[in-house]
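First the structure, in the form of structure tokens, and then the observations on it.
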Amino acid sequence: MLTSFSSFALSCNNFKQQITFEDDIKGIILIVHGLNLNPEKMESLGNFYKAKKIAPIYVRLTGHTENTNWDQVTKQRWIKDFYSPLCQAYVNSKQLDIPMYGLGFSLGALVIQHAIEKFNAPFKSVSYIAPAFKTRWYTMFITALFKMGLTFEIPSGNFVEYRAKDSTGLLAYKGMWEITQELKFNDNIKKVITMDKRDELIDYFSTRDLCKSWSNCQMEELISSPSKNEKKIYHLAIDSATLGQKAWNKLTLILSQQL
């Protein structure tokens, strides 16, 4: 199925259809979670798309499942993790003659964008929530750690129920950084970026400047009011609990406009 990462082509010739969808679906969407996020927490977004008759395929990256850990993470492993469901979505979309979409949160946006640039993944449109394209300056400290060859894990500050693991390995940060380094942001696919200016990890203004220079890109600000009582995490923007109902309604309206 995937013979080489050196050729810029999506080759799914040997991939067989493995999913049975409802007859009246209007599209397929690949949904990719963020770093150290429990992949199941993307199901609120998946259910939104189901209501629009867009069938979700959830991508689960290495390190984020019970059977994998951070020591197994590499850039190439994550690229391969995405390639199989990408072929699954692509083959089904061709057979059913329906469009294919992508939705990525944070790390998930990097993985989708890499597939667009590396394999010419033919998405009709993509939606990126708080994409990890332009991180805040103080994240360079973590970059320095893995460049020194360190591989320890950093405790997660995310809500317990949203975590994939209690800590995040430096190898995962390294994989994310290496994917980012390969991105050129030179495609013409219709795309929208949504995020809160107060995002703790992603630089809103650098991301906005990127979008302005990027073909067919729309930037939308979210002003979230998270309903979690213990603290607010503005980077986490994937459901009504983390966004607040008003911002969730705005997000889903924006996502609807991409279909």
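The values are calculated or read from the model by the stated rules, or taken from the named source; none is laboratory data. For clarity, every value in this text was computed on a predicted model and none was experimentally measured. Note: ideal-geometry Cβ built from the backbone for every residue, glycine included; neighbour counts use all protein chains shown. Protein only, heavy atoms only, side chains kept; ligands, DNA and RNA dropped before computing areas. Shrake-Rupley method; radii C 1.70, N 1.55, O 1.52, S 1.80 Å.
From the list SER256, SER224, which one is of a type in the set (Gly, Ala, Ser), within 30 Å of GLY27 (Cα to Cα) and modelled with pLDDT under 95? Step through it out loud before you land on a result.
Numbers: SER256 fails: modelled with pLDDT under 95.
None of the others qualify; the one that does is SER224.
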- Verdict on GLU220 being part of a strand (DSSP E or B) and surrounded by fewer than 21 Cβ atoms within 10 Å (Cβ to Cβ): yes
- Message: Looking at segment 12-29, I want the residues that are surrounded by 12 or more Cβ atoms within 10 Å (Cβ to Cβ) and have a partner that is at pLDDT below 75 with Cβ atoms under 7 Å, at least 6 apart or on another chain. Which pairs are those?
- Response: CYS12/MET1; PHE15/MET1
- Task: Would you mind finding the one in LEU183, LEU170, LEU255, LEU201 that is under 22 Å from VAL160 (Cβ atoms) and under 17 Å from the mean Cα position of the chain (by Cα)?
- Result: LEU201
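Given the criteria acidic (Asp, Glu), assigned to a helix (DSSP H, G or I) and open to solvent by 60 Å² or more (accessible area, probe 1.4 Å), does GLU117 qualify? Give the derivation first.
On the way: acidic (Asp, Glu): yes; assigned to a helix (DSSP H, G or I): yes; open to solvent by 60 Å² or more (accessible area, probe 1.4 Å): no.
For GLU117, the condition - acidic (Asp, Glu), assigned to a helix (DSSP H, G or I) and open to solvent by 60 Å² or more (accessible area, probe 1.4 Å) - is not met.
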- Cross-chain or 6+ apart pairs with Cβ under 6 Å, segment 45-57 first and among the hydroxyl-bearing types (Ser, Thr, Tyr), then modelled with pLDDT of 95 or more and open to solvent by less than 10 Å² (accessible area, probe 1.4 Å): TYR49/ILE29
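Residue by residue through segment 174-188, note down the ones that are open to solvent by 50 Å² or more (accessible area, probe 1.4 Å) and not basic (Lys, Arg).
Start the filter on segment 174-188 by keeping residues that are open to solvent by 50 Å² or more (accessible area, probe 1.4 Å), which leaves 174, 177-178, 181-182, 184, 186, 188.
Of everything in segment 174-188, those that are open to solvent by 50 Å² or more (accessible area, probe 1.4 Å) and not basic (Lys, Arg) turn out to be TRP177, GLU178, GLN181, GLU182, ASN186, ASN188.
Within segment 132-148, can you find the residues that are within 18 Å of ASP199 (Cα to Cα) and part of a loop (DSSP other than H, G, I, E, B)? Spell out how you get there, then give the answer.
The initial filter retains those residues of segment 132-148 that are within 18 Å of ASP199 (Cα to Cα), namely 132-142.
ALA132, PHE133, LYS134, ARG136, listed by residue number.
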- Item | Boolean, LYS191 is basic (Lys, Arg), open to solvent by 50 Å² or more (accessible area, probe 1.4 Å) and under 18 Å from LEU107 (Cα atoms) | no
